[in-house]
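Only the coordinates and a few stated rules stand behind these numbers; no lab work does. Predicted, not measured: the structure shown is a model, and the values here were computed from it. All Cβ positions, glycine included, derive from the backbone under ideal geometry; neighbour counts span all protein chains shown.
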Amino acid sequence: MAVALEFLNLVIPIKKIEQHYEGGWEQYLDDHQHLIGRRIWFDDHLVRDGAKDPKDMSILIDEWVDIGLRTIEETNGKPRWVDCCVIASIFNAPTLPCNWVQLSPNGWSASLKGHPPGEIVGRAEIAA
């Protein structure tokens, strides 16, 4: 499966949420129930949260840093995403390299690298 992308997308592997979010994946779903199908949707491997502007995205990232996610690290002097990834739909690409996410050829969805993209899950599919 894959998650649909729109505007600015914060993509996080579910396994990272299980490791860092107090109460794990089930608690995350309970705590964010009011946002699922609105700005949050997920497949079997990834969660997509999002914002329409960089300031709001920065707030989302800061919340995850406080929880314990590692965001950006340098490898050979070049920054890259680690536990989460921001993908800008306007560019159809991550804002920095991200070695665990793969985009669809048109850039409108993302999946966990090494897993077939398959069906795309987004706002409409979650809300239905």
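Table for the structure above
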| quantity | calculated |
| --- | --- |
| Odd one out for Leu112 among (1) farther than 21 Å from Arg123 by Cβ; (2) touching a His at 6+ places or on another chain (Cβ under 6 Å); (3) surrounded by 15 or more Cβ atoms within 10 Å (Cβ to Cβ) | (1) |
| Members of segment 105-126 found to be within 17 Å of Ile12 (Cα to Cα) and polar (S, T, N, Q), listed by number | Ser109, Ser111 |
| Of all residues making up segment 44-68, the number that are among the hydrophobic types (A, V, I, L, M, F, W, C) and without any contact (Cβ under 8 Å) to a residue 24 or more places away in the chain | 2 |
| In segment 51-63, the residues that are surrounded by fewer than 12 Cβ atoms within 10 Å (Cβ to Cβ) and closer than 20 Å to Ala4 by Cβ | Lys52, Asp53 |
| Residue within segment 64-79 that is over 24 Å from Gln19 (Cβ atoms), of a type in the set (A, V, I, L, M) and surrounded by 12 or more Cβ atoms within 10 Å (Cβ to Cβ) present | no |
| Some residue of segment 82-89 being surrounded by 13 or more Cβ atoms within 10 Å (Cβ to Cβ) and charged (D, E, K, R) | yes |
| Qualifying residue in segment 15-35 (condition: of a type in the set (Gly, Ala, Ser) and under 24 Å from Trp108 (Cβ atoms)) | no |
| Qualifying positions in segment 21-32 - surrounded by fewer than 18 Cβ atoms within 10 Å (Cβ to Cβ) and outside any loop (DSSP other than H, G, I, E, B) | Gly24, Trp25, Glu26, Gln27, Leu29, Asp30, Asp31 |
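Matching residues to (1) more than 10 Å from the chain's Cα centre (by Cα); (2) free of Cβ contacts under 8 Å to residues at least 60 places away in the same chain:
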site	(1), (2)
Met1	yes, no
Phe7	yes, no
Lys16	yes, no
Tyr21	yes, yes
Gly37	yes, no
Phe42	no, no
